[in-house]
Every structure is written in structure tokens, then in C-alpha cells.
1. Output wanted: per-residue J couplings in Hz (rounded whole) for the stretch 13-29, from phi through Karplus 6.51 cos²θ - 1.76 cosθ + 1.60, θ = phi - 60°, x for Gly and Pro.
2. For the stretch 10-58, report the translational diffusion coefficient in µm²/s to the nearest whole number, using Stokes-Einstein at 25 °C, 0.890 mPa s, and a Kirkwood Rh over Cα pairs.
3. Leaving out ligands, DNA and RNA but keeping every protein chain, what accessible area does Met73 have, in Å² rounded to the nearest 10, with a 1.4 Å probe?
4. Taking only C-alpha pairs under 8 Å that are 6+ residues apart, what is the relative contact order of the stretch 1-68 in percent?
5. Dipole size in debye (nearest 20) for the stretch 21-115 around its Cα centre, Lys and Arg Cβ +1, Asp and Glu Cβ -1?
Amino acid sequence: MTSRPAEAQRLSDLTRLRRVRDRIDREYAQPLDVEALARGAHMSAGHLSREFRLAYGESPYSYLMTRRIERAMALLRRGDLSVTEVCFEVGCSSLGTFSTRFTELVGMPPSTYRREVTGAMAGIPPCVAKQVTRPIRNREAQVPEPQLV
């Protein structure tokens, strides 16, 4: 049986975690790090990371990168920005880190995605395209098994 103060603390922590997640959703293109998010939630960085992972199944940094990759996918589908421009537009400061994380989540490099998706999504409403092309969360993109010939 849980005591009322412990339950109240848990609800307070969940409220703060939701505010952190909402801030990431709003400010994904800004320079955010776990320490800044933790300060805003009046928690230590370690406590925020542990509690965020328990509540949402991934670390705050992983959640932030997923948001950035989702936005990058939408910008790449538009086709009017280069991969480098998209990288900086979504708040990444390293093209290498952006490309690596994009490839892990989507299963192909951003340049390949841009080339293949630009024509394939023609005529599909953006809200449907976003749902269909949403990156895989909480697990990496499946790498096809090599075929023995």
C-alpha cells in the first residue's frame, strides 16, 4: 500500500516530466541538453533521466533526437532544403551525429531518404505522410539479414 505523500510526490514528478516532454516537443530546434531540462523541472539530471525513462521508455536525449528526426523527415520530403540545411534547421549541430541517428531510426541515410521519398510522397496529404513515415521509436530500424547465394 502506498502512502499519500509518496503518491503525491509521484504525481508531482509525472507532471514535471510531462512539462519536460512538452518543452522538448516545442523547442526541439533549440540547443537543449539534459542539464538544462532538469534545471527547468527543478530536478537533478540523473533523476530526470531515470524518471523520464521509466515514464516514457527512453531517455530525454533519445526523445529529443526522435523529435528532431521526425521534423527532418518532413523537411526532407518537402525537397527544397539540402541535408545540411535540414540538419541545422532541426537543431543538430553536428552533421555526422544527425546522419548517424537518422540512419539508425529511419533505416537509410538522409540523402537517400530525400532522394527516394520526394517523388514517392507526391499527392499524399502531409498528415498521412507524417503518420506513414514516422521513425521507429524505442528500437533501431531493422537491418535486413544478408542473403546467402
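The values are calculated or read from the model by the stated rules, or taken from the named source; none is laboratory data. Since the model is a prediction, treat every value here as computed from it, not as a measurement. Positions of Cβ are backbone-derived with ideal geometry, glycine not excepted, and every protein chain shown enters the neighbour counts. With ligands, DNA and RNA removed, areas are computed over all heavy atoms of the protein, side chains included. Shrake-Rupley method; radii C 1.70, N 1.55, O 1.52, S 1.80 Å.
1. After applying 6.51 cos²θ - 1.76 cosθ + 1.60, I find 4, 4, 4, 5, 5, 5, 5, 5, 4, 4, 5, 4, 4, 7, 10, 4, 7 Hz.
2. The estimated diffusion coefficient comes to 230 µm²/s.
3. Rounded to the nearest 10, that gives 10 Å².
4. 33
5. Using Cβ point charges on Lys, Arg, Asp and Glu, the stretch 21-115 gives about 180 debye.
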